[in-house]
Amino acid sequence: MSEEVQVKEEKIPRNFITDIIDEDLQSGKVQEIATRFPPEPNGYLHIGHAKSICLNFGLARDYHGTCNLRFDDTNPVKEDMEYIQSIERDVQWLGFKWSGPVRHSSDYFDLLFNYALELIDQGLAYVDELSPDEIREYRGTLKEPGRESPYRNRSIEENRELFLKMRDGGFEEGKACLRAKIDMASPFICMRDPVIYRVRYATHALTGDKWCIYPMYDFTHCISDAIEGITHSICTLEFQDNRRLYDWVLDHISIKARPHQYEMSRLNLEYSITSKRKLNLLVDKGLVDGWDDPRLTTISGLRRRGYTPESIREFCRRIGVTKQENTVEMSALESCVRDDLNANAKRAMAVLHPLRLVIDNYGEEGVDATSFTVPYHNDKPELGTREVSFSKELYIDEADFREEANKQYKRLKLGFEVRLRHSYIIKATSCEKDENGKVICVHAEAVPNSAGRDVEGHKPKGVIHYVDANNCYRTKVHLYGRLFKVPNPGSCEDFLSTVDPDSCTVIENAALEASLKNAKSLEHFQFEREGYFCVDSKSYVEGQPQFNLTVPLREAKKANV
């Protein structure tokens, strides 16, 4: 997306962070703001990341500052180039451009190592040989203070020697780590001598096998912010206590820059999972079609389902930025894409469950049209027009015909009239059934000269859509519902048990307007009277597009409880 698109975007609504920035600029505390988006490349981005992306890049845009994209690549066991590439693609697709080159925490590994030595030389870090389980046991609880490690009071010289031994591969994984020496009685567990380096024998995506020790997030993040001159480091509320460690590290090393960390509430969305571990479990167990499954609220999944970057940015704008934890209804996200597609998506006709309709008087005077020129969008003439073909045999949707029905039924029934969209008024005269009594064909007569006009004496009660049975495109259409059966699957002990096996219905042979055969990957359409759909990108073959339901035309009514 171009920067021109960003300029047209509404500014981020006022919030406590914009108030802080205004005060910092006015007081001269900072001259220019600098933010960053620092994902760990251990999975695909999700809707929660979209909130952070829109905030960090949006602040940089609104205040004419900078925003870096920096990968927190300090755990080579879980990281992969596939994730790095997907993250870059998602940020760009959302319409944002990072400042300068892509950064990586691994760019600073040499500097981070030297800062760790500075802490050792001040007696503020030590090599601990307790096992990971013992470290957890010694750390204490929220009600009880921790206990000091028996290795805590080693000399500076011994700690420096042992840390170099760690770097040189002298310890097995889990046999030694470097811990900050702070306060084992602190009421904040994150300050009870946190681990800042651990041994990992794994090839790093960028540094290869240069290192076998890797810094922890809390040590790396604050220093990376300082190196890059970040002024406002924004994270979610679960890192609120960790701000003490963030400041402690910067207070005790020789770096001069002093970024500040601010916390906001994370995005909790109904019927979705944002834990990368749980998302990965869904993928590994084959319960979804990869990280980009259209039922997931990963950015890749939302894109494949038909969500637009504009709709996601608008969603993030509407929910705002606060410190108050809350859960957003899925309908709020769906409303944003529905509004966007209603305004911008081309219209087309698609019959998902085809029923044959025969116009018995087709070819007679006044009922002989072979096509109709119709707009792609009534309110957007710039989108152009299309030719909709018409013949004696059509397809209508099975749900649009009843032999008998009450007055509330506004579609086709025997002896009554409806209008075919963009076309003639017709009256159903008879129907054919198979051996099981199912209607397989409807016969009707068209009112002459009624195409696109009123005819005296004829007042159809409804409008239904159709496609030409002799000139249509038959393809698969995927109808997606919510992946989970409960609003908060993440709170369930076995969240996998909440997966709805019926959340995807595949219509194998839907009948669509012939023009839709030429639809391009991720192109959006409103299938009239059905919903908003897009061309599936994963299965796309030119001339053979399949379609995914993005959202229905209207929000589903909530059932009475």
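Take the alpha-carbon centre of the range 28-88, take the same for the range 219-289, and report the distance between them in whole Å.
Using only Cα atoms, the two centres lie 10 Å from each other.
Out of SER106, TYR83, ILE135, whose Cα points farthest toward the positive end of the dipole of the range 27-144 (charges: +1 Lys, Arg; -1 Asp, Glu; placed on Cβ)?
Farthest towards the positive end: TYR83.
What list of ³J(HN,Hα) values in whole Hz, one per residue of the range 42-50 in order, does the Karplus curve 6.51 cos²θ - 1.76 cosθ + 1.60 (θ = phi - 60°) give from phi, with Gly and Pro shown as x?
10, x, 7, 6, 10, 4, x, 5, 4
Return the long-range amide H neighbours of HIS353 (sequence gap of 5 or more, or a different chain), with a cut-off of under 5 Å between placed amide H atoms.
HN-HN under 5 Å from HIS353: GLU398.
What does the charge dipole of the range 1-122 about its Cα centre add up to, to the nearest 20 debye, if the Cβ of each Lys and Arg holds +1 and the Cβ of each Asp and Glu holds -1?
On the way: 12 positive and 22 negative charges, 77 e Å.
That gives a dipole near 380 debye.
May I ask which residue of ALA350, ASN436, ALA399 lies farthest towards the positive end of the charge dipole of the range 348-470, with charges of +1 (Lys, Arg) and -1 (Asp, Glu) on Cβ and the Cα centre as origin?
ALA399
About its Cα centre, how strong a charge dipole does the range 460-541 have in debye, to the nearest 20, once Lys and Arg get +1 and Asp and Glu get -1 at the Cβ? Don't skip to the end; give the middle numbers.
On the way: 9 positive and 11 negative charges, 50 e Å.
Here the size comes out at about 240 debye.
Mind ranking 51-64, 301-314, 121-134 by how tightly packed they are, going by the mean number of other C-beta atoms within 10 angstrom, highest first?
Working: 51-64: 21.9, 301-314: 24.0, 121-134: 16.6.
So the order, starting with the most tightly packed, is 301-314, 51-64, 121-134.
Mind checking the dipole of the chain: about its Cα centre, +1 per Lys or Arg Cβ, -1 per Asp or Glu Cβ, Debye to the nearest 20?
So the magnitude is around 880 debye.
For a label point 7 angstrom out from the Cα of LYS143 toward its Cβ, which stretches of the range 168-206 have the backbone nitrogen within less than 11 Å?
So the set is empty, nothing qualifies.
Helix-derived [θ] at 222 nm for the chain: sum -39500 (n - 2.57) over DSSP H runs of at least 4, divide by residue count, nearest 500?
On the way: 13 runs with 142 residues, N = 561.
Computed mean residue ellipticity for the chain: -7500 deg cm²/dmol.
Rounded to the nearest 10 degrees, what's the angle between the helix 81-93 long axis and the longest principal axis of the chain, both from Cα atoms, 0 to 90?
60
Given H placed 1.01 Å from N in the peptide plane, which residues other than close sequence neighbours of THR550 have an amide H under 5 Å from its amide H?
Answer set, sorted by chain and number: TYR532, PHE533, CYS534.
Taking every pair of alpha-carbon atoms in the range 429-561, give the share separated by more than 24 Å as a whole percent.
The answer is 53 percent, as a whole percent.
Return the distance in nm (one decimal) between the two label points of a simple spin-label model at GLU508 and GLN324, each offset 7 Å from Cα along Cα→Cβ.
My value for the distance between the label points is 5.2 nm.
On the Cα set of the range 109-217, report Rg and Dmax in Å, please.
Considering the range 109-217 through its Cα atoms, Rg and Dmax are 13.8, 43 Å.
Do you know the relative contact order of the chain, to the nearest whole percent, from alpha carbon pairs under 8 angstrom that are 6+ apart? All intermediate terms of the calculation are to be shown ahead of the outcome.
On the way: 1080 pairs, mean separation 64.1, N = 561.
Computed value for the chain: 11 percent relative contact order.
What is the sum of charges around TRP93, taking Lys and Arg as +1, Asp and Glu as -1, for the other residues whose C-beta is under 13 Å from the C-beta of TRP93?
Details: positive: ARG89, LYS97, ARG303, ARG304, ARG313; negative: GLU88, ASP90, ASP292, GLU310.
So the environment of TRP93 carries a net charge of +1.
Once you list every other residue whose beta carbon is under 13 Å from the beta carbon of ASN406, what net charge do they have if Lys and Arg are +1 and Asp and Glu are -1? Present the calculation step by step, with values, prior to reporting the outcome.
Details: positive: ARG402, LYS407, LYS410, ARG411, LYS413, LYS461; negative: GLU403, GLU404.
Taking every Cβ under 13 Å from that of ASN406, the sum is +4.
How long is the range 348-470 along each principal axis, judged by its Cα atoms, biggest number first, in Å?
48, 33, 31
At 20 °C and a viscosity of 1.002 mPa s, what translational diffusion coefficient does Stokes-Einstein give for the chain, taking Rh as the Kirkwood radius over Cα pairs? Give it in µm²/s as a whole number.
On the way: Rh = 27.5 Å.
It comes out at roughly 78 µm²/s.
We did not get these values from a lab; they are worked out from the coordinates using the rules stated. What you are looking at is a predicted structure, and each value in this text was computed from that prediction instead of being measured. We place every Cβ from the backbone using ideal geometry, glycine too, and count neighbours over all the protein chains shown.
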